[in-house]
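Chemist: First the structure, which I've put down as structure tokens, then a few questions once you've had a look.
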Amino acid sequence: MEINNEFDRDTVCVDLKTFFNAVISKLRLVVMITIVITLIAAFASIFLMQKRYSATVRFYVSNNKDIISQNIDSSDIDASTKLVPSYVELLKSKAVIAGVIEDSKLNCTVEQIIPMLKVTTVADTQMLILNVVCNNPDDAHIIANAIADIAPSKITEIMNGSIIKVVDYADKPTEPSSPNVMKNILLGFILGLFLGAAAAVLIELNDATIKSEEDIKGIFPDIPVIGIIPNISVENIE
């Protein structure tokens with residue numbers, strides 16, 4: 001008798017039922033992989049990743065040098081807001097940073113400082129935020145405030161007719177800004193859960209053993225099952 005087996009072992013279809021059954025049947029494996037990946041993420045974040053510290057300075061930008069004695073109207077604000085992107089680039093420019101190093105006697109180079117700088121804007125405002133990020137809190141604090149003291153005058157020389165003022169000087173950072181240990185642990189947990197579930201499904205799909213009558217019917221739907229061999233324990237025989 002020729003058996004027409006329409007089951008294609010090279011075609012794999014995973015539905016939600018198969019997925020959940022695989023995860024539940026291999027729950028111990030899923031939990032073990034999740035715990036291992038989470039512990040690796042925690043260990044790497046606490047002991048292996050280099051700590052970085054951030055010192056923050058806030059600046060205010062205006063297109064009017066005499067902002068105290070004159071009234072500020074909406075056109076002044078619009079003009080100042082349009083200047084903000086230019087100040088962002090100037091704060092990170094070699095000319096300004098070289099002037100800061102020279103005047104403040106910092107023991108570092110332009111090439112060392114520029115990668116530490118991150119300048120952002122506050123949307124629809126005339127505010128700039130400068131972050132100096134490095135692996136030493138004292139260096140971050142000193143460099144940030146040196147830029148705050150000297151950069152405004154250097155920039156004003158370049159952009160005549162406008163002004164940038166310091167709103168807040170940098171405080172010395174007491175806690176690292178990165179790595180974010182809790183965030184990394186959470187990502188490790190999610191990654192471990194995903195890898196554990198994926199491993200469980202792969203093991204289940206590659207398991208060719210027949211465990212029940214339903215497995216036989218799934219492979220040979222047109223052939224009736226004549227009988228099954230019961231699982232008899234020694235206790236039942238006695």
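Chemist: Counting only protein heavy atoms, what percent of the accessible surface of the stretch 44-194 is carbon or sulfur at a 1.4 Å probe?
Modeler: C and S fraction of accessible area: 56 percent.
Chemist: Along each of its three principal axes, how wide is the spread of alpha-carbon positions in the stretch 117-161, in whole angstrom units, largest first?
Modeler: Principal-axis extents of the Cα atoms in the stretch 117-161, largest first: 36, 25, 11 Å.
Chemist: Rule-of-thumb check for the stretch 130-197: C-alpha Rg over 2.2 N^0.38 Å?
Modeler: 1.79
Chemist: State the dimensionless ratio Rg/Rh of the stretch 25-65 (Rg: radius of gyration of Cα atoms; Rh: Kirkwood radius). Each step should come with its number before you reach the end.
Modeler: Working: Rg = 22.4 Å, Rh = 14.6 Å.
Taking Rg over the Kirkwood Rh, I get 1.54.
Chemist: On to the next question. Based on the Cα coordinates of the stretch 85-214, what is the per residue volume of their convex hull in Å³? Mind dumping the intermediate values first?
Modeler: Values: hull volume 24.1 nm³, N = 130.
It is 186 Å³ per residue.
Chemist: Keeping every protein chain in place, order 49, 32, 127 by accessible area at 1.4 Å, biggest value first, i.e. largest first.
Modeler: If we order 49, 32, 127 from most to least accessible, we get 32, 49, 127.
Chemist: Sticking with this structure for a sec: Tell me, what is the per residue accessible area of the stretch 139-204 in Å², probe radius 1.4 Å?
Modeler: On the way: 3670 Å² over 66 residues.
The answer is 56 Å² per residue.
The values are calculated or read from the model by the stated rules, or taken from the named source; none is laboratory data. Everything numeric here is computed off the predicted structure, so don't read it as measured data. The accessibility values were calculated without ligands, DNA or RNA, using every heavy atom of the protein model including side chains. Shrake-Rupley method; radii C 1.70, N 1.55, O 1.52, S 1.80 Å.
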